[in-house]
Amino acid sequence: MWTDGQKLLPSSIVENYEVHDWRHATAILSSNYTKELEEMIEALTTFHLRKSEIMAPGGGKSPISSFFERALHRYGWVEKRFDTEIVIDGKSRENPTHKIDLYKNQIALEIEWNNKDPFYDRDLNNFRILHELGIISVGIMITRSDELQDIFDRLGKGASYGPSTTHMSKLLPRIDGGGAGGSPILIFGITKKLYVSH
């Protein structure tokens with residue numbers, strides 16, 4: 001169930017990011033996690049997509065992921081893994097989850113800039129499990145809007161950001177198909193308006 005969370009966000013965020021709200025994620029954040037929402041908005045507000053970052057050679061962590069990690073680490077957001085298991089009739093069975101890029105106070109944030117698109121399945125399943133267990137209240141994802149492909153093509157980097165990598169039109173159908181279960185999710189897509197040519 002897509003909901004209208006944009007009215008609860010600053011106009012500068014709505015104008016510069018492609019925003020999608022699933023199951024009232026923004027309302028939950030603005031009511032119960034105001035500090036975390038403010039910290040995330042500050043990071044989003046100060047972000048710019050630089051040509052030099054797009055042109056940087058692949059391999060390792062992207063400059064985009066590193067920016068958001070630095071911006072939020074100073075507020076106490078951390079990379080986090082939870083060890084979970086299911087116990088049925090006294091027998092335990094592992095219920096594996098993967099580490100979250102950034103976590104604070106029951107809010108999980110994943111950054112998917114240019115991974116293979118099955119990483120979305122992993123992230124959404126993680127949000128689903130952790131929400132069902134009461135470990136997280138909201139999952140947040142920062143990814144890229146489809147419209148950036150024009151910039152990548154113009155810079156001769158289109159092949160590096162191909163159709164099987166993480167971008168918005170690969171993510172939304174997965175959520176529509178139930179990939180996140182009942183977990184509220186807030187998505188920010190990086191758009192052309194954030195691009196600077198240096």
> Summing -39500 (n - 2.57) over the DSSP H runs of n ≥ 4 in the chain and dividing by its residue number, what mean residue ellipticity at 222 nm do you reach, to the nearest 500 deg cm²/dmol?
Replying inline: -10500 deg cm²/dmol
> Where the only charges are on Cβ atoms (+1 Lys, Arg; -1 Asp, Glu), what is the dipole of the chain about its Cα centre, to the nearest 20 debye?
Replying inline: 400
> Taking the Cα atoms only, what angle lies between the long axis of helix 63-73 and the longest principal axis of the chain, rounded to 10 degrees?
Replying inline: 50
>> As I understand it, the dipole of the chain uses +1 on the Cβ of Lys and Arg and -1 on the Cβ of Asp and Glu, about the Cα centre. Which of Pro63, His131, Met40 lies farthest toward its positive end?
In response: Pro63
> Which value in Å is the Kirkwood Rh of the chain over different Cα pairs?
Replying inline: 17.3
> For the chain, what is the percent of antiparallel DSSP beta bridges, rounded to the nearest 5?
Replying inline: 60
> In whole percent, what relative contact order does the stretch 2-196 give with Cα contacts below 8 Å and a gap of six or more residues?
Replying inline: 27
> Which entries in the list Lys7/Lys104; Lys51/Lys157; Lys61/Lys157 go over 19 Å, if you measure between the two C-alpha atoms of each?
Replying inline: Lys7/Lys104
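Throughout, read-outs are computed from the coordinates displayed, never taken from laboratory work. Because the structure is a prediction, the values reported are computed rather than measured. All Cβ positions, even for glycine, are placed from backbone atoms using ideal geometry, and neighbour counts span all protein chains on display.
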